[in-house]
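Just so it is clear, none of the values below were taken in a lab; they were calculated from the coordinates. Everything quoted here is computed from the prediction, not taken from an experiment. All Cβ positions, even for glycine, are placed from backbone atoms using ideal geometry, and neighbour counts span all protein chains on display.
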Amino acid sequence: MKEYNFDTVILGGGPAGFAAGIYASRGAVSTAMIDINVMGGQPSNYLELENYPGFSTIGGFELMEKFEEHADKFGVQKFQMQEIERIDLLSNPKIILTKEAEFRAKTVIIATGASPMKLGVPGEINFVGRGVSYCAVCDGAFYKNKVVAVVGGGNAAVEEAMYLTRFADRVYLIHRRDALRADKIVQDRAFKNEKIQFVWDSVVKEIKGDNLVNAIVIQNVKSNKISQIDVDGVFPYIGMMPNVDYINGQLDQDKGGFILTDETMKTSVDGVFAVGDVRHTPLRQVITAASDGAVGAVYAVKYLETLTEVAV
């Protein structure tokens, strides 16, 4: 098994990870990024972004390519498709063990992001890839001239519902409240889209089908009335959960599992920082993730400087 030693190891290759990599490398410390997938993170799946400063609109994949090119310029070493088996954040140095290598680091920056929450209803897991999807950009084209349901009321749900109208004949937008949570500009566009049909005050109770999804069972939360809607696909967008399976109680987390940090992105363990969607934060956007990455890396470098002073 290969062994590597770095001053800073960044876990995650999305906007927070890349920003951290750029700032750490510019701080003249040896820096590596590790990701269980290819680099780019969730934004790589976004069709387009229109709220990242400097670009009126830009494809998510294109933006992350620019992030990666910038990190490459400063010599950040990248290790992708690394399946993590164990992490010891309490030791010095910190240890990240993957199936292919052992990484030792004086500081660790956690930028592993968050994943879509599951509905937790019968049929959901059984039909993943057969009518249940958590990525409209990835799978939307499979639903040309079909009927789909999007579950949720935030920006992601409404924006993905609008994207799906490029393919589907009808998109049901199912929300447990009687008003959307999305930004008003996003809501206005959705309300003008004739292909979107809003189903208010309702939750999904079951996803049904044979080999593929063919219906959902919903319940009105006010009347408790149960009904069924025939659909070919279901796209849940009800929130996010942090990618923290490997932490195993080593860091302080909130009740949702998101990592708690101070304003410098420092966690409850010295030398460990958390940035982006994986941490407890009031806003999860590409720009805030990148900002977190910059802050965390700057203070990781400052922490490394204190280790040098102690050594001297």
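Considering only lysines 8 or more places apart in sequence, or on different chains, count the pairs in the stretch 165-255 whose C-alpha atoms sit under 18 Å apart. Taking the Cα cut-off of 18 Å, the pair count is 4. Taking packing as the residue-averaged number of other Cβ atoms within 10 angstrom, the listed peptides 185-191, 7-13, 288-294 run from highest to lowest as 7-13, 288-294, 185-191. Within the chain, antiparallel bridges make up roughly 40 percent of the DSSP beta bridges whose residues both belong there.
Counting only Cα atoms, the stretch 162-216 measures 39, 26, 14 Å along its principal axes, largest extent leading.
Both radii come from the Cα set of the stretch 241-312: Rg as radius of gyration, Rh as Kirkwood radius; their ratio Rg/Rh reads 1.01. Among SER91, VAL108, GLY120, whose Cα sits farthest toward the positive end of the charge dipole of the chain (+1 at Cβ of Lys/Arg, -1 at Cβ of Asp/Glu, about the Cα centre)? Going by the charge dipole, the pick is GLY120.
Straight-line cross-link reach from LYS94 at under 20 Å between alpha-carbon atoms covers these lysines, not counting any fewer than eight positions away in the same chain: LYS2, LYS78, LYS106, LYS266, LYS302. Beta bridges assigned by DSSP with both partners in the stretch 48-142 are antiparallel in approximately 90 percent of cases.
Evaluated at q = 0.08, 0.10, 0.15, 0.16 Å⁻¹, a Debye calculation over the C-alpha positions of the chain (equal weights, vacuum) places log10 I(q)/I(0) at -0.41, -0.62, -1.13, -1.22. Ordering 131-141, 207-217 by mean Cβ neighbour count within 10 Å, with the highest value first, yields 131-141, 207-217. Helices in the chain that qualify as membrane-span-like (whole DSSP H runs, Cα extent of at least 24 Å along the helix axis, mean Kyte-Doolittle hydropathy of 0.0 or higher) are 286-311.
Rg of the Cα atoms in the stretch 200-266, relative to 2.2 N^0.38 Å, amounts to 1.71. Rounded to the nearest 0.05, the FRET efficiency derived from the C-beta distance between GLU206 and LEU307 at R0 = 45 Å is 0.25. Taking a cut-off of 16 Å, what percent of all Cα-Cα pairs in the stretch 69-171 are separated by more than that? Of all Cα-Cα pairs in the stretch 69-171, 71 percent lie more than 16 Å apart. Against the empirical curve 2.2 N^0.38 Å, the C-alpha radius of gyration of the stretch 153-312 lands at a ratio of 1.42. Amide H contacts of ASN214: LYS208, GLY209, each under 5 Å away and 5 or more positions distant or on a separate chain (H built 1.01 Å from N in the peptide plane; Pro and chain starts excluded). By other beta-carbon atoms within 10 Å, ranking LEU49, LEU283, LEU164 with the fewest at the front produces LEU283, LEU49, LEU164.
Helices in the chain, meaning DSSP H runs of at least 4 residues, each add -39500 (n - 2.57). Divided by all residues, the mean residue ellipticity at 222 nm is -7500 deg cm²/dmol. Summing +1 for each Lys or Arg and -1 for each Asp or Glu among the other residues whose beta-carbon sits under 14 angstrom from that of GLU69 gives -1.
What the Cα convex hull of the stretch 38-93 gives, in volume per residue, is 133 Å³. Amide H contacts for VAL38 (H built 1.01 Å from N in the peptide plane; partners 5 or more residues away or on another chain; cut-off under 5 Å): MET81. Short to long, the 10 Å bins of the Cα pair-distance histogram for the stretch 118-236 hold 15, 50, 32, 3 percent of all pairs.
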